[in-house]
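The values are calculated or read from the model by the stated rules, or taken from the named source; none is laboratory data. As the structure is a prediction and not an experimental result, all values here were calculated from the model. Here the Cβ positions follow ideal geometry from the backbone for every residue, glycine too, while neighbour counts run over all protein chains shown. In case anyone asks, the SASA skips ligands and DNA or RNA and just uses the protein heavy atoms, side chains included. Shrake-Rupley method; radii C 1.70, N 1.55, O 1.52, S 1.80 Å.
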Amino acid sequence: MIKSKEATYEFASAARMDREGLLHQYHLWAEQLPALLISNSFPGLILVLNEYRQIVFSNDQFITLGDYTSFEDYLGLRPGELLNCSHAFESESGCGTTRFCANCGAVNAILNSINGMKDVQECRIDRRGGNSPLNLRVWTSPVELGQEKFVIFSVQDITIEKENARLLEQVQKLAIMDPLTEIYNRRIFFDVAKREIVRSIRYHNPFSIVMIDLDRLKQINDTYGHPAGDGVLKEAVKIIKANLREIDTFARYGGDEFILLLPETGLVGGQKVADRIMAASDTTLYTFKDFEIPVAFSAGVAEFEFEGDHDIDDVITRADKELYITKNRRKQIQLD
C-alpha cells in the first residue's frame, strides 16, 4: 500500500492510500454480511473510514447525496468530499486540511476516533452548487478488522431538530421578553419578585423597587410619530442597563413605565441608582431623522418593609407614589 507524501502545513494529514489499498479494504468490509445488513437498516449515512480518513465502505445511503451509483464513486473520498462540503475543495489536499476544518465537529470526531476514542459532535456543512446546507450530528467509533484500524462514521440530519429548537427558543423568548425593548416583561418581573420576597424574609436581606416613567412620551409620539417614541424607549433602556448590576432585574412595566428590582439594596442605595440613571437621561438626546429628542425620565424608590409589606404590590405602590412626587418636582424645576 503506497502512501502519498504527507503535507506538513495542513490541519490534518493530507496523505492518502492508493487504489490497490482502498480496494483491499473495501472487500474486507464488503465480505462482512452482518455488518452490511445492519448498516442498510439504519436510515442515516454510515461510512467506514481508514486511517487516512478515506471512505472504504458505505451503506446504501450514499446514493442520496449526489450522482453516486456504486462503491467506485465514493471509494477513497473523505466525508466532506462525499457530502460536497464547500470547504473540502478550498485546498488541493481536500477534506480535513483547511483552516476551517480545525473547527469542524465532523473532522475533530474522526481524528479523535483515529486516536482510539469514541466521539459525538455536531457540524454544519455548507455545500457547493447551490445545495442546501446540512446540520449534522456525527458519531464516530474506532474499530479493528483484519488487524487494520478503521473509524465507523455515522450521521444524523438534525436540520429539522435545529429549526424546532430555534422556534422553541423564539416562543420562550416571546413569553418572557418585551418584544420592543427586549427586556423582561411584566409577568416575569412578578415571578422574580415573588422569589425575592421569600429570599429576603428568610435571610433578612433588603431589596428595593425603582419605578421609572419616561417623561413626555405622549408628546413625543404626537409630535414625531410612534417610531420616534419607540426609539426613545429603546434609548432609555440602554441608559438604564448601563447603570445596573447583573443581579438586578429590569422589566417593562407598562407603555412608558419600567421597573427595577435591586437585591441586597436598601432605600439609600436604591435612591443612588435612581439619581444616577435620571442624571444620565437628562444629558442624553435621541436623534430621529433631523431631530434631537431629549431622553429624560423620572424615578421613584421604595424599600421592602419586613413588618408592613404583605406582597410586592405594597412596595410598588409606594415606589409609584415616590415616582410622581419626583416627576412633579422635576416639572417644577423645568418651569422655574
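Numerical summary
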{"quantity": "Placed amide H near Leu145: partners under 5 Å, 5+ positions off or other chain", "calculated": "Phe150"}
{"quantity": "Local net charge near Gly66, Cβ-Cβ under 13 Å (Lys/Arg +1, Asp/Glu -1)", "calculated": "-1"}
{"quantity": "Karplus 3J(HN,Hα) series, Hz, for region 243-256 with 6.51 cos²θ - 1.76 cosθ + 1.60 (x for Gly, Pro)", "calculated": "10, 10, 8, 5, 7, 7, 10, 10, 9, 8, 8, x, x, 10"}
{"quantity": "Cβ-derived FRET efficiency at R0 41 Å, Met177 paired with Phe42, nearest 0.05", "calculated": "0.50"}
{"quantity": "Coordinate range along principal axes, alpha carbons of the chain, Å, largest first", "calculated": "95, 54, 36"}
{"quantity": "Phi-based couplings in Hz for region 298-313 (Karplus 6.51, -1.76, 1.60; Gly and Pro marked x)", "calculated": "10, 9, x, 10, 9, 9, 4, 9, 4, 8, x, 8, 8, 7, 5, 4"}
{"quantity": "18 Å Cα-Cα reach of Lys118 towards lysines, excluding residues that sit fewer than 8 places from it in its own chain", "calculated": "Lys149"}
{"quantity": "Among the listed pairs Lys194/Lys331; Lys289/Lys331; Lys173/Lys194, those beyond 29 Å (Cα-Cα)", "calculated": "Lys194/Lys331"}
{"quantity": "Long-range amide H partners of Ile293 with built H, under 5 Å", "calculated": "Tyr286, Thr287, Phe288"}
{"quantity": "R0 of 45 Å, Cβ-Cβ distance Tyr68-Asn115: FRET efficiency to nearest 0.05", "calculated": "0.95"}
{"quantity": "Range of Cα positions in region 188-305 per principal axis (Å), largest first", "calculated": "53, 24, 21"}
{"quantity": "Qualifying GluC sites (Glu not before Pro) for region 252-336 [loop in DSSP, other Cβ within 10 Å: at most 11]", "calculated": "Glu307"}
{"quantity": "Vicinal HN-Hα couplings computed from phi for region 210-217 (Karplus, 6.51 cos²θ - 1.76 cosθ + 1.60; Hz; Gly/Pro x)", "calculated": "10, 9, 10, 10, 6, 6, 6, 5"}
{"quantity": "Most fluctuating residue given options Val198, Val155, Val295, as computed from a GNM of the chain linking Cα atoms under 10 Å", "calculated": "Val198"}
{"quantity": "Region 44-110-region 174-238 distance, computed between alpha-carbon centres (Å)", "calculated": "52 Å"}
{"quantity": "Spacing of the two label points (7 Å from each Cα toward its C-beta) at Lys234 and Glu246, in nm", "calculated": "2.7 nm"}
{"quantity": "In nm, spacing of pseudo-spin labels at Asn328 and His24 (7 Å Cα→C-beta vector)", "calculated": "9.6 nm"}
{"quantity": "The chain, relative contact order [Cα under 8 Å, separation at least 6], %", "calculated": "11 percent"}
{"quantity": "The chain, accessible surface, carbon-and-sulfur percent (1.4 angstrom probe)", "calculated": "53 percent"}
{"quantity": "Neighbour net charge for Ala88 - beta-carbon separation under 12 angstrom, K R +1, D E -1", "calculated": "0"}
